[in-house]
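Enquirer: What follows is a structure written as structure tokens; I'll ask about it next.
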Amino acid sequence: MSFAKIHVKPDTLDDENRKFAQRSLDQPLFLNSIPKGGSHLLRNIIRMFVPVESQYQAEFIQYQFLPQHRSAFEPGRKMLSWGHMVALDASRSALAGARHILLVRDPYDWVLARARFFLSDEFQVGLDHLKQPDVPVETILNLMIDGTKPQLAPLAVTYMYNAVAWLDDGVKVVRYEDLVDAVRKVDSDVGEAFFDDLLAGCGIGRPGDWRERVRIGADPAQSGTARQNLSGMAQRIPDELPMAQKQLVDLRAPGLRRIFGYEPK
């Protein structure tokens, strides 16, 4: 199986980080997320609160690469790392001594984000036939939900192993939509309460200049995978998931949105 190729411009957050006084972590910190769940937004914000020298930037760590990157979680190194880690015995063992933040996203919006990314020029994974203008958008969205071997796991499988299965481990869950809202309201009590809680969950004391750090980290220009920075056919994807695809999500993964509070219990 060939791995995906991602082509994005590098950010300047290392230079921005060094403009602020930084404090080392007291234990390893891993930012886990569902692929296309808003990973770069969370990562870029937290990067502004941890010394560059304490950031494990070699890889978006995934289970299949875990043996090469276990050093990211060594207790003595106290590193910030990030990735898309499924919940299996080896990954649970590796993360046992780390603070663990889990970022999730509304499955309805996740389908759209996944589709935009797969249609973009920045992403290559052997599905270029989907980038033709005559392929119906509904067909693409259905594929994002149902998956296709070997490139795409189904939505239900992705959420089960990347998110639901971690809940029993006591991880701190952060919803992408709440993160976005807090960024927009960074000057309000809502924003302050959110980031106070998030930073505490990361083991990071909130510095007086936290708002400036959040604004820099959340700048879309610093994320090559932000929606507005994707090129090619990504703009074909609508802003809201059509009703037929919402129903398909609910059929394939019944109760999933309820687990994370996206619909009433």
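Enquirer: For segment 31-86, state the semi-axes of the equivalent ellipsoid (square roots of 5 times the eigenvalues of the alpha-carbon gyration tensor), sorted largest first and rounded to whole angstrom.
Expert: 17, 16, 7
Enquirer: For segment 86-216, which semi-axes, largest first and in whole Å, follow from the square roots of 5 times the eigenvalues of its Cα gyration tensor? Display every interim value, and only then the final one.
Expert: Working: eigenvalues 208, 91, 30 Å².
Working from the Cα gyration tensor, I get semi-axes of 32, 21, 12 Å.
Enquirer: Would you kindly state how much longer the chain becomes between K172 and T12 on full extension, computed as 0.36 nm times their sequence separation minus their alpha carbon distance, in nm to one decimal?
Expert: Numbers: separation 160, 0.36 × 160 = 57.60 nm, distance 2.80 nm.
Stretched fully, the K172-T12 segment lengthens by 54.8 nm.
Enquirer: Restricting to bridges with both residues inside segment 7-161, how much of the DSSP beta-bridge set is antiparallel, in percent to the nearest 5? All intermediate terms of the calculation are to be shown ahead of the outcome.
Expert: Working: 1 of 13 bridges.
DSSP beta bridges in segment 7-161 are roughly 10 percent antiparallel.
Enquirer: Same structure, new question: In the chain, what percentage of the DSSP-assigned beta bridges are antiparallel, given to the nearest 5? All intermediate terms of the calculation are to be shown ahead of the outcome.
Expert: Values: 4 of 20 bridges.
Beta bridges within the chain, antiparallel portion: roughly 20 percent.
Enquirer: Quote to one decimal, in nm, the extra length available between R77 and Q151 on full extension: 0.36 nm per residue of separation minus the C-alpha distance between them. Before the final figure, lay out the partial values.
Expert: Values: separation 74, 0.36 × 74 = 26.64 nm, distance 3.43 nm.
Answer, rounded to one decimal: 23.2 nm.
Enquirer: Just to verify a number: FRET efficiency for R211 and Q57, C-beta to C-beta distance, R0 = 22 Å, to 0.05?
Expert: Values: r = 25 Å, r/R0 = 1.12.
It comes out at approximately 0.35.
Enquirer: Using only the Cα atoms of the chain, each taken as one equal point scatterer with no solvent, compute I(q) by the Debye sum, divide by I(0), and report log10 of the ratio at q = 0.09, 0.13, 0.15 Å⁻¹.
Expert: -0.41, -0.88, -1.18
Every read-out reported here was derived from the displayed coordinates using simple, explicitly stated rules and does not represent laboratory data. Values in this document were obtained by computation on a predicted structure and should not be read as measured data. Note that each Cβ is placed from the backbone with ideal geometry, even for glycine, and that neighbours are counted across all protein chains shown.
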